[in-house]
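The values are calculated or read from the model by the stated rules, or taken from the named source; none is laboratory data. From a predicted model like this one, the values you see are computed outputs, not experimental measurements. Glycine gets a Cβ as well: all are built from the backbone with ideal geometry, and neighbour counts include every protein chain shown. Accessible surface areas use protein heavy atoms only, side chains included; no ligands, DNA or RNA. Shrake-Rupley method; radii C 1.70, N 1.55, O 1.52, S 1.80 Å.
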Amino acid sequence: MEKRIKGFSKRTREEKAEWIANQYFQNPKEALALLDQYRHRDDKLQKLHDEFIENTLTNFYIPFGVAPNFKINGNDYVLPMAIEESSVVAAAAKAASFWYDRGGFKSTVVATKKIGHVHFVYYGDYNKLWEFFNSVKDRFFADTEEITHNMRKRGGGILDLMLINKDFEEPNYYQIKATFETVDSMGANFINTCLEQFAQTLKEVVSESDLFTDEEKQIDIIMCILSNYTPDCLVRSEVSCPIEELETDGVTAEEFVRKFERAVHVARIEPYRATTHNKGIMNGIDAVVIATGNDFRAIEAACHTYAARSGQYRSLTDCSIENGIFKFWIEVPLSLGTVGGLTNLHPMVKFAHEMLNHPNAKELMGIVAASGLAQNFGALRALVTTGIQKGHMKMHLLNILNNLGATHEEKEEMKVFFNDRVPQHSAVVKRFCEMRGVSSVEELKK
Ligand code: MEV
């Protein structure tokens, strides 16, 4: 049955919810009650969330957890982490604690440049356009002076403009490649506004010039957009210690380091493993990026492109063992903001920034990189020693028990029972049914 609806966005929230409940739910009343249950009781707070996006019905919660004991560049932090995956926060906190006693994380911002393009089509001689573009470059800066005024006051602005020839890849396709410094803001709006002005200026200067034929003057703008690939907005974070300080979970320091190094090498050469390896890193990165109100999709896209910069997808972390010192580091492009966007709006984002002592963008880059490195250290340590399932499944136990509707007392009893057993789903269900004195899950539901 077709369910096409016109003018949906113009309806009130109540009308939208009712329409959806009636169209798609067996029990519309129950569906509406759930939507209502997830809304804030505080109207002002709810209105704020309603207006973040279009067609908001309710809120969708993910846990906001914290990972203490991060020492980064000599400062102590408790990291805010918004994530639904069990064991990520625990793993981050465990790795942070481990490195706290070994000097902590040292993060360095390598560069903070951001890139955007005007993509356009030009039917003429490239060299002529190139010479002309360079002779009128000042006009592009002058035409954006008003847009860049505040940014320049904060120490940022447009750094450079270049004309790029892409004609050999796509006929008549060229770019203006612009480089920006956006200081403490992620800068997407600023960059895109500048780019749209560049496009207009380009058309104007070419059409005003006698150098170009009528055909050449027909510049066709394809699009103006920032690039989320930010290889020059780069941060490095590292940990290091003498090898003998790495004895862990019943494994000697030498054996641990040997296996750990091999695991990193596997992720460097094997894309199947690199993907999972980097996924673990993104567990740590995304959680802090989301909690601090940044765009995790942009960060994900940039990190994965960066991981593939050699032509093959590889690990974002690396390690070395020299003169008895183990060094483990990450290098990632992180275009983050600490002003603008959600940072001044979302109450929990504001909370996260205050908890981090109001970092600037560079400090936040260092914090987020450390979180990714910690997460990767925790995952690799577990993988090459006890195996990942031990820690994972312990947290997973709680999810299974919640699914089964266990009471607090039942959860405590099950935790004791599975303390030295692997809590496989079937084993948990079996034990739970025994505890309740029933023979199947179906009986539990009765
Ligand atoms: C799970 O979310 C992440 C890991 O798979 C990462 C890894 O394998 O390195 C544990």
Requested in this report: Pick out the one residue from N283, N278 that is open to solvent by less than 20 Å² (accessible area, probe 1.4 Å), touching a helix residue (DSSP H, G or I) at 6+ places or on another chain (Cβ under 7 Å) and either closer than 30 Å to Q175 by Cβ or within 16 Å of the ligand (Cβ to nearest atom) (or both).
Outcome: N278
Requested in this report: Considering only region 3-29, state which residues are farther than 14 Å from T56 by Cα and surrounded by fewer than 11 Cβ atoms within 10 Å (Cβ to Cβ).
Outcome: K3, R4, K6, G7, Y24, Q26, N27, K29
Requested in this report: Only residues in region 139-165 that are at positive phi count as the first member; pair them with residues that are surrounded by 13 or more Cβ atoms within 10 Å (Cβ to Cβ) and among the charged types (D, E, K, R), Cβ under 7 angstrom, at least 6 apart or cross-chain, and list the lot.
Outcome: G157/E181
Query raised in the report: Limited to region 286-297, what total is found for residues that are within 15 Å of the ligand (Cβ to nearest atom) and either open to solvent by less than 10 Å² (accessible area, probe 1.4 Å) or hydroxyl-bearing (S, T, Y) (or both)?
Result: 1
**Report entry** Lone qualifier among D210, D232, D160 - being closer than 26 Å to V289 by Cα and either out of contact with any Phe, Trp or Tyr (no Cβ under 6 Å at 6 or more places or on another chain) or modelled with pLDDT under 95 (or both)
**Finding:** D232
Query - Residue list for region 324-343, filter: touching a Ser or Thr at 6+ places or on another chain (Cβ under 7 Å), open to solvent by 40 Å² or more (accessible area, probe 1.4 Å) and either within 30 Å of K47 (Cβ to Cβ) or without any contact (Cβ under 8 Å) to a residue 60 or more places away in the chain (or both) - result: V339
Report task. Return yes when I158 is in contact with a strand residue (DSSP E or B) (Cβ under 9 Å, 6 or more places away or on another chain), under 30 Å from K203 (Cα atoms) and open to solvent by less than 40 Å² (accessible area, probe 1.4 Å) and no when it is not. Result -> yes
Query raised in the report: Within region 265-275, restricting attention to residues that are touching a residue at least 24 places away in the same chain (Cβ under 8 Å) and more than 9 Å from the ligand (Cβ to nearest atom), which residue is nearest to the chain's Cα centre (by Cα)?
Result: T275
Query - Close pairs (6 angstrom Cβ cut-off, 6 or more residues apart or separate chains): farther than 25 Å from V239 by Cβ in region 345-368, small (G, A, S) and part of a loop (DSSP other than H, G, I, E, B) anywhere - result: H346/G293; V349/G293
Requested in this report: Could you please tell me which pairs satisfy a Cβ distance under 9 Å, a separation of 6+ or placement on different chains, a first residue in region 182-194 that is in the same structural domain as A361 (by TED's automatic domain parsing), and a second residue that is surrounded by fewer than 24 Cβ atoms within 10 Å (Cβ to Cβ) and at pLDDT 95 or above?
Outcome: none
Query raised in the report: Which one of the conditions (1) away from the ligand (no atom under 15 Å from the Cβ); (2) open to solvent by less than 30 Å² (accessible area, probe 1.4 Å) does I321 fail to meet, given that it meets all the rest?
Result: (2)
Query - Verdict on T343 being of a type in the set (S, T, Y) and modelled with pLDDT under 95 - result: yes
Report summary line: In region 356-396, residues that are more than 16 Å from V110 (Cβ to Cβ) and small (G, A, S) total 7
Query raised in the report: Within region 10-49, how many residues turn out to be in contact with a Ser or Thr (Cβ under 6 Å, 6 or more places away or on another chain) and either in the same structural domain as L345 (by TED's automatic domain parsing) or not in a helix (DSSP H, G or I) (or both)?
Result: 2
Report summary line: When region 122-139 is checked residue by residue, the ones that are open to solvent by 20 Å² or more (accessible area, probe 1.4 Å) and of a type in the set (A, V, I, L, M) are V136
Query raised in the report: Residues in region 227-264 that are part of a helix (DSSP H, G or I) and either surrounded by 16 or more Cβ atoms within 10 Å (Cβ to Cβ) or within 14 Å of the ligand (Cβ to nearest atom) (or both): how many?
Result: 11
Report summary line: When every residue in region 394-416 that is farther than 25 Å from K446 by Cα and either open to solvent by less than 60 Å² (accessible area, probe 1.4 Å) or more than 13 Å from the ligand (Cβ to nearest atom) (or both) is compared, the one modelled with the lowest pLDDT is K394
Requested in this report: Working only within region 344-393, note down all residues that are open to solvent by 10 Å² or more (accessible area, probe 1.4 Å), of a type in the set (S, T, N, Q) and away from the ligand (no atom under 12 Å from the Cβ).
Outcome: N344, N357, N360, T385, T386
